[in-house]
Structure formats: C-alpha cells, structure tokens
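Quick notes on the structure that follows.
The values are calculated or read from the model by the stated rules, or taken from the named source; none is laboratory data. Everything numeric here is computed off the predicted structure, so don't read it as measured data. Here the Cβ is made from the backbone with ideal geometry for all residues, glycine too, and neighbour counts use every protein chain on show. Each accessible area value is taken on the protein alone, full model and side chains, heavy atoms only, with ligands, DNA and RNA left out. Shrake-Rupley method; radii C 1.70, N 1.55, O 1.52, S 1.80 Å.
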Amino acid sequence: MKSRYLGWLGAVVLLPGLGIIPSQARSAQVIQVDVEHVIHPLTVELVQEAIRQADEEGAAAVLLRLNTPGGLLSAAKDVIQTIVASDVPIIAYVGPSGGRAASAGFMILVSADVAAMAPGTNTGAAHPVLMGGEMDEVMKAKVSNDTAASVRSVTSKRGRNPEVAEKAVLESKSFTESEALDEKLIEYIAPDIKDLLSKLDGKTIKRFDGSEMTLSLADAGVVPFELSYRQSILLALIDPNLAFILFVLGLVGVYVEFSNPGLIVPGVGGAILMILGAMALTVLPINWAAAALVVLGLVFFILEATTTTNGILAAGGVIAMVLGAVMLIDTDMPELSINWGTAIGVTLPLAAITVFLLQLAVRSFRVKVVTGRRGMIGEVGVAKTDVHAKGRVFVHGEWWNASSDSPIRSGAPVQVVGVDDLKLRVKPPSDEAPAAGSPAP
C-alpha cells in the first residue's frame, strides 16, 4: 500500500516535468463568443459549442459579448437553458459602447452568472419574436405573461430585480447601462473586456444551483471562439435577403442548364447557389403558405411562356412571388424579413428571364427540322447529271446519288421527296411535293 502511494506521488511530481499538467492547473482563459447578429437557432449552436470547448479546455469562464436587436423566443429560451445548465461560469457583456442587447438579448443578459454593460449601451424592450405567424390578443397576452414569468424566475435565482425585469417584457421598458445598474439588473459597468475581467478577479458569484464560486481572472487570456467553416458560411448568409437572392440566382442557373443542356457551368453554379440559399433560409422559421405563393409565381411564369394570355399570368406570377417573398420568413422582426425592395428587385428579372427563355424553347420546337433524314424532305437542289433510275444531284450544299420516277435532265431543278439510306428520291419541283418534315413515302 505504501509503495502504491509513493508511486502516485512520484507520478504527480513528474507530471510537470513531462509536460503533462492536470486540467485544474491549466492557466486561466476566457472563451469569448460574439453575438452580433439576430438571435436564431445558429446562436444556440455557437453558445453550446463554446461552453463545450470551455469545459474541455478547463477555461475559467465563457464571455458572451452581446450587440443584438433581439431575435426569436424559442432560440433565446434554448440559449438560456444552456447558460443555466453550464458548469462553466457565463459572463454576459453588452458592448462595445453604442451597442445594445434588446428583446431576446436582454433575456440572455439577465440569465448569465455575471451581467455587465459598456458605457453608452442599452438593454430591455424584451418582446421576443415567436415562430408561428400572427396571434390574437389573448394569445399575445399568454405569450407575454409566460415570457415575463420566465424572466422573473431567472432574475430572482440570479439575485437580480425580477419586478423591473418583468417591465422590460410587459411594458417594453428599456434601460441605459446606468439605469440597469441602479435597478439591479446588472452588476458591472466596464469600458472594455479587460477592465471587466480585472473587476471580476477574486469576486465570488452565486451559481444558478445556489453554489458559490470565486473567479480567478487576473491573468486570464481571452480566446475568441473559432467558428467552423459551416458556421461561418451560415452566419454570413443567414440574412434572409441575401439567402433569397442566392436561391433565386441558383434557380435561374439550373433553369438555364435545363433549357440548354450541356452548358454545365450554369447548372453547377446554380445548384451550389440554390443549396446555399436553401440552407440559410431553413435555419429561419418558414411560412409555408408564403413558400407556396413563390412556387405559384414560378408556375405562372412558365404558363405565360407557353400560352397566350397577353401578360395576365406573368403579372399574376409577379404579384404572387413578391407577396410570397415578403412573407416567407415567419416573423415580425425587420432584421429577419425579406424587404419589399429585394422581393421586387429579384422577382421582375426572374419573370423576364423565365418567360423569355421559355418562349425561345417553345419556338425552337415549332421550327422546321433542318438536320438529319427528315430535314432533307422538301429541299430543292439541282440535277448534275440526267436523273432517272440513277443520277447525281446537288442538294443542301452536298452531292447525292439520286433516282426519280420520271426522267430529269441535267441542270434542271429537283425537289427531294424521300431518302433511302444515302440515296435521294427526287422529282421536278413543279410536281406536288410532300410538306417539309413529313415522313418519307
């Protein structure tokens, strides 16, 4: 038993020399996540992965730097659940100066272990947006009261002022950093993150489960959370206006490829753009009735090119697609909506391109066939020798062996009435010839 203890003691002594340091002895660091966008499901993913990274690396805390107009209620609740369940302390900081944490951002701010703001910032107006479209007054009241109760519960557990926090939900009240500090919604005002961490060093905080923890952040280094390639692309494309434009451009590319098989580039590029646009749009709440209007608009454009309606179907398609686009994202937040300018600016060119290309395709099917065996029927040429049972004619820029039911002198005009392998059957053009494109007799 004694030798076993000595063995463990020796291993502990040797660990630093071997470069193996237990996680408790790691140098303190803070993982920083910047939330400078509308709060949506991708925000939840970023916060969850940052906390997971902090756990694995033994970080002292995770810092959420908030500068957001708000976002979706469902996403905000998921972020809050992640925060309160975290073993790593969460510091929420509204910054830089001039920034804000409105609506869902306010809910996240007051749910953190430590809440702080930079000078010249504001928070509040916590009417988060719901997925699901329009609600009547009774449903709106239920949602507001439920959200207010959730905010009261979190703030009271954090030792903050639940009554004032409730006003941000029910009365859309907003607070400057000084007002938020005076009303006990936050604990600190700091001009930057370095100053905030120095103020927090040695402070004891109360966790959501009631336990206490002393922060040691004097020498903590701030490590930015690294986004994956997928997250970087989605975060850049999650603007609904950009996503809609990419999707429609991709649709045009794929359509051009189908209209002109073999071009390759439009099809490949269009498919990539469509997937990127669809990937960004599906992160957001979709109004499927509006999506049906967009599809209906495309159908109208196709019908306009194949029928004679004097532009009625095209006009209907434009109206359907514009209305569908502006209602496509199921939210009342301007930041998460496709604006009228984008909807009109994308729909009109799409309508013109679709109708024009389809008309060209339809017309091409109605044009007389000018290649192959059927393309020779009805063509007029010249007899280069006397033609009867056999002879030579010049038709369509080429020399052909030919035969005729009646004799034709050299130099006389001939008209093709049939093709037998590589031999033409001709007759004088004064005789009635079969219509071009008809099958050979």
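Structure notes:
- Those aspartates and glutamates that a straight Cα-Cα span of less than 15 Å connects to residue 427, excepting residues fewer than 8 apart in one chain: 379, 386, 405
- Note on residue 382/residue 271: beta-carbon distance plugged into 1/(1 + (r/R0)^6) with R0 of 35 Å gives a FRET efficiency of 0.10.
- Ordering of 225-238, 272-285 by packing is 272-285, 225-238, highest average first (other Cβ atoms within 10 Å, averaged per residue).
- Links that overshoot a 32 Å alpha carbon limit, given the list 173/203; 77/184; 142/203; 157/199: 142/203
- Debye, to nearest 20: dipole size of segment 161-245, +1 on Lys, Arg Cβ, -1 on Asp, Glu Cβ: 240
- The candidates 258, 356, arranged from most to least accessible area with a 1.4 Å probe in the full protein assembly, appear as 258, 356.
- With a simple spin-label model that places each label point 7 Å from the Cα along the Cα-to-Cβ direction, the separation between residue 176 and residue 282 comes to 4.7 nm.
- Order by protection proxy (mean Cβ within 10 Å, highest first), peptides 142-153, 34-45: 34-45, 142-153
- Cα-based reach from residue 423 at 28 Å (exclusive), listing lysines while leaving out same-chain residues under 8 positions away: 368, 384, 390
- Relative packing of peptides 388-399, 312-323, 172-183 - highest average C-beta neighbours within 10 Å first: 312-323, 172-183, 388-399
- The simple Förster model, with R0 at 51 Å and r as the Cβ-Cβ distance, assigns residue 85 and residue 299 a FRET efficiency of 0.60.
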